[in-house]
Amino acid sequence: VPAPPSLSAYLFGFAHRRDARGGDVVLILPEARTSVQLRRADPYFIREPDDGAGWREIPALSLWGPRLRPGYGYAARQIEVFGVGLTPAGFRALTGAAPAGLVNDAAPLERWAPTIAAELSTLAATDFDSWRKGATDILARAFAAAEAPPPITQALAALGEDGDIAGASRRLGLSDRHFRRLFAAEFGANPKT
């Protein structure tokens with residue numbers, strides 16, 4: 001479900017995933033965008049592709065950072081998640097930090113945004129539409145109180161579909177070199193990645 005237009009600078013949409021194909025290991029693809037996810041079914045585990053990497057359980061209410069490389073996911077029986085996709089400005093507004101601090105990771109939302117986590121947790125027992133509406137209200141209040149994000153949070157949108165780094169630099173009023181430096185600090189990777 002798309003984000004309300006009034007919150008589109010901070011959110012790109014809401015999702016409900018329900019999957020009864022548990023018991024299989026699935027590939028988690030790279031995703032530059034961040035999200036908040038509320039797990040409503042079996043525990044979910046992820047593992048990095050490195051040799052010897054162990055499985056780790058994802059918190060029930062988690063903040064997912066940008067994933068720059070593939071990983072693996074697993075649930076024993078059922079996956080059910082309510083999620084909200086965050087723009088880089090939305091991530092900053094919730095956490096006060098750059099998405100680069102959570103690359104290839106998912107952490108308890110309460111560690112990054114304790115007040116929001118407490119409020120979203122009260123919505124855990126509702127259906128998706130009710131959760132989405134309640135989450136919209138909670139997040140709208142949080143974003144209304146947030147400081148204006150730095151221009152580099154618009155870098156992914158400025159890159160667009162073609163990944164034109166020089167054009168994105170110009171659109172944000174930065175030199176290519178400065179754009180690359182700020183981009184790496186914000187997203188944990190260079191713009192080409």
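The values are calculated or read from the model by the stated rules, or taken from the named source; none is laboratory data. Predicted model only: the values in this text are computed from it and were never measured. No Cβ is skipped: glycine too gets one built from the backbone with ideal geometry, and neighbour counts run over all protein chains shown. Please note that ligands, DNA and RNA were not included when accessible areas were found on the heavy atoms of the full protein model with its side chains. Shrake-Rupley method; radii C 1.70, N 1.55, O 1.52, S 1.80 Å.
Structure data summary
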{"quantity": "Qualifying residue in the stretch 127-134 (condition: of a type in the set (Ser, Thr, Tyr), closer than 22 Å to GLY65 by Cβ and over 17 Å from the mean Cα position of the chain (by Cα))", "calculated": "no"}
{"quantity": "Qualifying residues in the stretch 109-147 (those that are aliphatic (A, V, I, L, M), modelled with pLDDT of 85 or more and outside any helix (DSSP H, G or I)) - the one farthest from ALA185 (Cα to Cα)", "calculated": "ALA145"}
{"quantity": "Total residues in the stretch 13-39, condition in contact (Cβ under 8 Å) with a residue 60 or more places away in the chain and not basic (Lys, Arg)", "calculated": "10"}
{"quantity": "Tabulated pairs, the stretch 150-174, first in a loop (DSSP other than H, G, I, E, B), second of a type in the set (Phe, Trp, Tyr), C-beta under 9 angstrom, 6+ apart or interchain", "calculated": "LEU172/PHE179"}
{"quantity": "Which listed residue, of ALA53, ALA76, is over 27 Å from ALA3 (Cα atoms) and either open to solvent by less than 20 Å² (accessible area, probe 1.4 Å) or at pLDDT 90 or above (or both)", "calculated": "ALA53"}
{"quantity": "Conditions (1) within 17 Å of SER8 (Cβ to Cβ); (2) open to solvent by less than 70 Å² (accessible area, probe 1.4 Å); (3) in contact (Cβ under 8 Å) with a residue 40 or more places away in the chain: number failed by GLY188", "calculated": "(1)"}
{"quantity": "Those strands (runs of 3 or more DSSP E) lying entirely in the stretch 1-57 with at least 2 residues in contact with a Lys or Arg (Cβ under 7 Å, 6 or more places away or on another chain) and over 30 Å from ALA148 (Cα atoms)", "calculated": "44-47"}
{"quantity": "Residue match in the stretch 62-70 (condition: farther than 21 Å from ILE152 by Cα, touching a Leu at 6+ places or on another chain (Cβ under 7 Å) and among the small types (Gly, Ala, Ser))", "calculated": "yes"}
{"quantity": "Residues satisfying the stated conditions in the stretch 80-132, i.e. open to solvent by 30 Å² or more (accessible area, probe 1.4 Å), of a type in the set (Gly, Ala, Ser) and farther than 22 Å from ARG181 by Cα", "calculated": "ALA118, SER121, ALA124, ALA125, SER130"}
{"quantity": "In the stretch 42-59, the residues that are closer than 19 Å to GLU80 by Cα and in contact (Cβ under 8 Å) with a residue 40 or more places away in the chain", "calculated": "ILE46, ILE58, PRO59"}
{"quantity": "The stretch 165-185, subset small (Gly, Ala, Ser) and open to solvent by less than 60 Å² (accessible area, probe 1.4 Å), residue nearest to ALA100 (Cα to Cα)", "calculated": "ALA184"}
